[in-house]
Amino acid sequence: MPTAYVTAPQDAADDLAERLVTEELAACVNVVDCRSVYRWEGDVVTDDEAILLAKTTDDAYDDLAASVERVHTYDVPCVERFDEDDVAPEFGAWIRDSVA
């Protein structure tokens, strides 16, 4: 069962999370504030961001990633997939039931 790891500006994170759940692309999205340090266009940049951890299914992951890329404000949005083999059976069933 995959989890999508997405970073976004803090002021856009809640809207993005709600969109993914409303569109039934994710069963749940955790939003965690963080500070990111990265290289962009030759400079080292520090930004306050949010990490979104979106619980989804194998079938919905590509649509979730496409939705993030379509609406994200960054030129190069971070969308990474983490596959989890050890998911509690009841939690996995809830995710499958919640995602279209």
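The values are calculated or read from the model by the stated rules, or taken from the named source; none is laboratory data. These numbers were taken from a predicted model, which means no experiment stands behind them. Neighbour counts are summed over all protein chains in view; Cβ atoms, including those assigned to glycine, are modelled from backbone coordinates with ideal geometry.
Report yes if some residue within segment 59-70 is in contact with a strand residue (DSSP E or B) (Cβ under 8 Å, 6 or more places away or on another chain) and either of a type in the set (S, T, N, Q) or modelled with pLDDT under 95 (or both); otherwise report no. Show your work before the answer.
First pass over segment 59-70, keeping only residues in contact with a strand residue (DSSP E or B) (Cβ under 8 Å, 6 or more places away or on another chain): 61, 64-65, 68-69.
Still in the list and also either of a type in the set (S, T, N, Q) or modelled with pLDDT under 95 (or both): none.
No, there is no match, as no residue in segment 59-70 is in contact with a strand residue (DSSP E or B) (Cβ under 8 Å, 6 or more places away or on another chain) and either of a type in the set (S, T, N, Q) or modelled with pLDDT under 95 (or both).
Kindly evaluate residue 92 against the criterion of being small (Gly, Ala, Ser) and on the phi > 0 side of the Ramachandran plot. Spell out how you get there, then give the answer.
On the way: small (Gly, Ala, Ser): yes; on the phi > 0 side of the Ramachandran plot: no.
Against the criterion (small (Gly, Ala, Ser) and on the phi > 0 side of the Ramachandran plot), residue 92 does not qualify.
Of the conditions (1) of a type in the set (Val, Ile, Thr); (2) out of contact with any strand residue (DSSP E or B) (no Cβ under 7 Å at 6 or more places or on another chain); (3) in contact (Cβ under 8 Å) with a residue 24 or more places away in the chain, residue 22 fails just one. Which one is it?
Going through (1) of a type in the set (Val, Ile, Thr); (2) out of contact with any strand residue (DSSP E or B) (no Cβ under 7 Å at 6 or more places or on another chain); (3) in contact (Cβ under 8 Å) with a residue 24 or more places away in the chain one by one, residue 22 breaks only (3).
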